[in-house]
Amino acid sequence: MLELRFHSRGGQGGVIAGKLLAVAIFKEDRFVQSFPTFGVERRAAPVMAFVRIDDKPVRIRTQIYKPDHIIILDQSLLQMLDVTQGLKSGGTILINTEKKPEDFDFDDSYKVVTVDASSIAVKHGLGSVTQPIVNTSILGALAKILKIVKIESVVAAIEEDVPAKTEANVAAAIEAYEVAVG
Amino acid sequence: MQKVLTGNQSAAWGAMCAKAQVVSAYPITPQTTIIEELADIVAKGLLDAKFIKVESEHSAMAGCIGAQAAGARTFTATSSQGLALMHELLHWAALARLPVVMANVNRAMAPGWSIWTDQNDSLAQRDTGWLQFYCESNQEVLDTTIQAYKIAEAVNLPVMLILDAFFLSHTYEAVDIPGQEATSKYLPPYKPSIYLNVDDPHAFGGIVPQDIYMEFRYKMQLAMDEALIAADKADDDFKAMFGRGYGVVEEYRLDGADYVLVTSGTVTSTTRTVIDDLQEKGHSVGLLKMKMLRPFPAEKVRKILSGRKRVAVLDRNISVGMGGVWSQEIRSVMYHLPEDQRPPIYDYIVGLGGRDVTPEFIEEIALDLEKRPVKDCDQVWIGLKE
């Protein structure tokens, strides 16, 4: 079983990212469970979303404490949270940032990958410069870096479940997939 | 058709499949997205229902009672304090023998304010005359919503189906949605024999003097006895048609097990993984899942638990001053068995106010059960903060 944790701020689309990933995994006939932080959601407050993926039904129904990988949609969270808490050794940290992986000082046992999802989102008219909506871009990058889901499945999930600016979201996911390196 | 749905959406889609004709609901906290989803479904024309938005949960149930009495199939949903506010009318729906169906998201009672899960809200309604079913997956929520109408309308009693806050209500997973044609075959339109009908007038809700009130209650008890059979039949028929069944109780890896963990709600799902691990390590422990609280499946529970070495009931609730509710119920039905057939029943209080019940925690209970003295079996609290 693979366990993921998304860190974002309320309004950036982190919870929807978890849901879209669940739909994408489901389209590949695998088993998935996705849920947000069990809390009260407020705009701009730190929120988390969690995804469990398995090739058999997911029976465990608890929060995720030891994720295999983490995905950070807002780099300002790094200053206020210990985002790597519980992250398994060898796990990947995927960060939405214009910086390079070597600009970050994480434990050596982690693999750090960066992608400028905000610029990609803004370029495709998703959100604004101050509040880009990066969930679909980050999922494109995730498909490339973590190799746990096909980009075609991510695209199909967006087409099915994102009613607003569907084409722009698909284009952002594909562009992030193409530019992500790691 | 399969879709990725939350538990809340699953309840709403269940009501849609069952073709509820009137949805009467209060839309604000502690209401959940069940009603938001249903409002959307009705607005899109996917369900031909009258959606009545009311000013309180008390009125929400009053709306269901009125519509059901007029011959409509009704649905509502609530949670915690909202369910408590309905209390008076829960009795009314049951005593008026109206097969209303309601989804309740299990949330802890306030104060302190909580939106997280425990069972005290629904268990406090145990004696209102409603059937109660506790679910462990989103699929079970959807399927139970459909089954609920079948059972309710067979015995003329209301049914409450219950799902854990967050662990189901806000969790997405793949859910199979039965086709409309098959669902309509399983659950034909609601046709009450007596309803508010100007062409066939009857008196409703009149005064019932001392000489006949007891008989009204006795008939409810008979209907509950009948519901034991109706619930099994509704599940068997559902399984025959859709390939999925749950049982009002379920034995999981109990063959020859000395020790038994008894669970309800999502704790059941997590406990399955713990039982697998412990059996692999050589422990003789299995699981009894309780789905139905009312009517209480006494015979089934007696048969399953008699002769076991020890039983641990994981109660995500507390009747303060006494203990967990499920353990009291189970002890009560086991009491008149011969002493050598009657295992000690330990009452573990767990997960109140949404505290996570992890596999490690459940394993600790299973191991504690094997060695704890019998005299210490009441209200075992593990993992309390100092």
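The values are calculated or read from the model by the stated rules, or taken from the named source; none is laboratory data. None of these values were measured; they are calculated from a predicted model. Every residue, glycine among them, receives a Cβ derived from its backbone with ideal geometry; neighbour counts consider all protein chains shown.
Do we find that residue B:203 is over 21 Å from residue B:291 (Cα atoms), touching a residue at least 12 places away in the same chain (Cβ under 8 Å) and either more than 14 Å from every other protein chain (Cβ to nearest Cβ) or not in a strand (DSSP E or B) (or both) in this structure?
No, not satisfied.
Condition test on residue B:175, is it more than 14 Å from chain A (Cβ to nearest Cβ) and either aromatic (Phe, Trp, Tyr) or under 20 Å from the mean Cα position of the chain (by Cα) (or both)?
no
So residue B:328 ticks every box in (1) at pLDDT 95 or above; (2) out of contact with any helix residue (DSSP H, G or I) (no Cβ under 6 Å at 6 or more places or on another chain); (3) part of a loop (DSSP other than H, G, I, E, B) but one. Which box is left unticked?
Only one criterion in (1) at pLDDT 95 or above; (2) out of contact with any helix residue (DSSP H, G or I) (no Cβ under 6 Å at 6 or more places or on another chain); (3) part of a loop (DSSP other than H, G, I, E, B) is unmet by residue B:328, namely (3).
Per-residue answers, yes or no, for (1) out of contact with any strand residue (DSSP E or B) (no Cβ under 8 Å at 6 or more places or on another chain); (2) not hydrophobic (A, V, I, L, M, F, W, C):
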{"position": "B:140", "(1), (2)": "yes, yes"}
{"position": "B:149", "(1), (2)": "no, yes"}
{"position": "B:162", "(1), (2)": "no, no"}
{"position": "B:165", "(1), (2)": "no, no"}
{"position": "B:169", "(1), (2)": "no, yes"}
{"position": "B:190", "(1), (2)": "yes, yes"}
{"position": "B:223", "(1), (2)": "yes, no"}
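Criterion first (within 14 Å of chain B (Cβ to nearest Cβ) and at positive phi) does residue A:86 satisfy it?
Yes, satisfied.
Can you find even one residue in the range A:7-28 that is away from chain B (no Cβ under 14 Å), at pLDDT 95 or above and under 28 Å from residue B:2 (Cα atoms)?
no
Within the set of pairs 6+ apart or on separate chains, which have a first residue in the range A:59-71 that is more than 7 Å from chain B (Cβ to nearest Cβ), a second that is of a type in the set (Asp, Glu), and C-beta atoms under 8 Å apart?
Cβ pairs passing all conditions: A:64/A:3; A:66/A:3; A:67/A:3; A:68/A:3.
If we only count strands (runs of 3 or more DSSP E) wholly inside the range B:219-309, which ones have 3 or more residues that are in contact (Cβ under 8 Å) with a residue 12 or more places away in the chain and not basic (Lys, Arg)?
Passing ranges, in order: B:249-252, B:259-263, B:285-290.
Considering only residues that are assigned to a loop (DSSP other than H, G, I, E, B) and of a type in the set (Val, Ile, Thr), look in the range A:39-81 and name the one that is surrounded by the fewest Cβ atoms within 10 Å (Cβ to Cβ).
Checking each candidate, the answer is A:40.
For residue B:33, state whether it is modelled with pLDDT of 95 or more, buried (at least 24 other Cβ atoms within 10 Å of the Cβ), closer than 20 Å to residue B:161 by Cα and of a type outside the set (Gly, Ala, Ser).
Answer is no for this residue.
Whether any residue in the range B:154-167 is in a helix (DSSP H, G or I), surrounded by fewer than 22 Cβ atoms within 10 Å (Cβ to Cβ) and within 12 Å of chain A (Cβ to nearest Cβ) is what I want to check.
For the range B:154-167, residues in a helix (DSSP H, G or I), surrounded by fewer than 22 Cβ atoms within 10 Å (Cβ to Cβ) and within 12 Å of chain A (Cβ to nearest Cβ): absent.
Hey, does the range B:245-265 have a residue that's surrounded by 15 or more Cβ atoms within 10 Å (Cβ to Cβ), away from chain A (no Cβ under 14 Å) and out of contact with any strand residue (DSSP E or B) (no Cβ under 9 Å at 6 or more places or on another chain)?
Checked the range B:245-265: at least one residue is surrounded by 15 or more Cβ atoms within 10 Å (Cβ to Cβ), away from chain A (no Cβ under 14 Å) and out of contact with any strand residue (DSSP E or B) (no Cβ under 9 Å at 6 or more places or on another chain).
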